[in-house]
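The values are calculated or read from the model by the stated rules, or taken from the named source; none is laboratory data. It should be emphasised that the depicted structure is a prediction, and the values quoted were computed from it without experimental measurement. In this analysis, Cβ positions are derived from the backbone assuming ideal geometry, glycine residues included, and neighbour counts consider all displayed protein chains. What goes into the accessible areas is simple: the full protein's heavy atoms, side chains included, and nothing from ligands, DNA or RNA. Shrake-Rupley method; radii C 1.70, N 1.55, O 1.52, S 1.80 Å.
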Amino acid sequence: MTTANPAARASAPASVGNVGVGFDVLGLAFDAVRDEVCATREDQPGVRLGSVSGLVDSLPAEPERNCALAAAAAVLDAAKADFGLRIDVHKGVPLSAGMGGSAASAVAAAGAANALLDKPFSDIELLPLAMEGEKVSADPPPWDNVMAALLGGLVLAARLDPPLIRRLPLPEGIACVVFHPQRKIETQAARELLSPQISKDIAVEHSRNMASFVAGCASGDLDLVASGLRDIFIEPQRASLLPELAPVQAAALEAGALGCSFSGSGPSVFAWTRVADLDATRTAMAAAFAAAGCPATAYDAPLNSPGLRIEPQKG
């Protein structure tokens, strides 16, 4: 069954997967850029790709190779819908950048398709359907970017089966800055670098950092946040993907950042910083990238960024 609306438009933000210390557990919405999807009802079953605009002008037309199409198809299948969809995609989030580009497309497409149902799914019900889109990028799909793009803010995956997903409190007066260097890293390739085993010492120290970070966010204790916002688990295994990471981190911390690490699987790098130190942190990171001969684009956004949004129709 369907509503009377022939089309719906939705958008979803970029995101910072892992947030440094929280590999596959934490995700942060990052509303500096967004993907937008328009879903238009068609009589013929299935999903098909319409226009593509923004940062790219073409995307795969097959659902099994297109995050937006796969997510929209999952929504239609789950709802047993008797109609099909044309999916128009406007890409605002860079792909293969560590900024959740595939998740933004999947969540926006799932949200637009969902808006055309008589009985739309709740956000939590929509999560596994959007995950079907993320599976195109990495299988099994990580939850971090998808849940952040869907729900907004800082999100914790406390349990996967059955899902237990919660938004966490965020400290006030903090901004997030992301630098996207002109490199590409595929999520699946970055995951294949990871060792299946870690030492007890790393496991204990990583647990200490994760606990400190989450407790600091919940209490607004920035000393705890800064103490915990260090990735000794995943980052060292991926550091070779971006040789510029170490000097950029050092510059960010010297400028007052609370922490700095890969955004998701990279190559983008994020930092949390007090709003008062944002300009200095951004300038320092830009200078470090420039000194390394690595062009990079800067973005920044408040920590408490919104997630999925149903947009008004244009025209």
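Each residue in the range 190-205 was checked for being touching a residue at least 40 places away in the same chain (Cβ under 8 Å) and out of contact with any helix residue (DSSP H, G or I) (no Cβ under 7 Å at 6 or more places or on another chain), and 1 of them qualify.
Is there a residue in the range 234-242 that is farther than 28 Å from Val146 by Cβ and of a type in the set (A, V, I, L, M)? Checked the range 234-242: no residue is farther than 28 Å from Val146 by Cβ and of a type in the set (A, V, I, L, M). Look at the range 266-279: where a residue is hydroxyl-bearing (Ser, Thr, Tyr) and a partner is not in a strand (DSSP E or B), sitting 6+ places away or on another chain with Cβ atoms under 6 Å, you get Ser268/Ala97; Ser268/Gly98; Ser268/Met99; Thr273/Ala257; Thr273/Thr281. State all residues of the range 206-233 that are closer than 21 Å to Asn304 by Cα, hydrophobic (A, V, I, L, M, F, W, C) and in contact (Cβ under 8 Å) with a residue 24 or more places away in the chain; if no residue qualifies, say none. Within the range 206-233, Met210, Phe213, Val214, Cys217, Ala218, Leu222, Val225, Ala226, Leu229 qualify. Just checking, does the range 50-69 include any residue being of a type in the set (Val, Ile, Thr) and open to solvent by 20 Å² or more (accessible area, probe 1.4 Å)? Yes, there is a match, as at least one residue in the range 50-69 is of a type in the set (Val, Ile, Thr) and open to solvent by 20 Å² or more (accessible area, probe 1.4 Å).
Taking the range 77-90 as the range and being within 20 Å of Ser11 (Cβ to Cβ) and open to solvent by 10 Å² or more (accessible area, probe 1.4 Å) as the test, the residues that pass are Arg86, Asp88, His90.
Pairing each residue of the range 26-53 that is more than 30 Å from Ala301 (Cα to Cα) with any residue that is of a type in the set (Lys, Arg) and open to solvent by 10 Å² or more (accessible area, probe 1.4 Å), provided the two are 6+ apart or on different chains, yields C-beta distances under 8 Å for Thr40/Arg86; Glu42/Arg48; Glu42/Arg86; Val47/Arg86; Arg48/Arg86; Leu49/Arg86; Gly50/Arg86. Checked against (1) touching a helix residue (DSSP H, G or I) at 6+ places or on another chain (Cβ under 6 Å); (2) of a type in the set (Val, Ile, Thr); (3) free of Cβ contacts under 8 Å to residues at least 60 places away in the same chain, Ile124 meets all criteria but (1).
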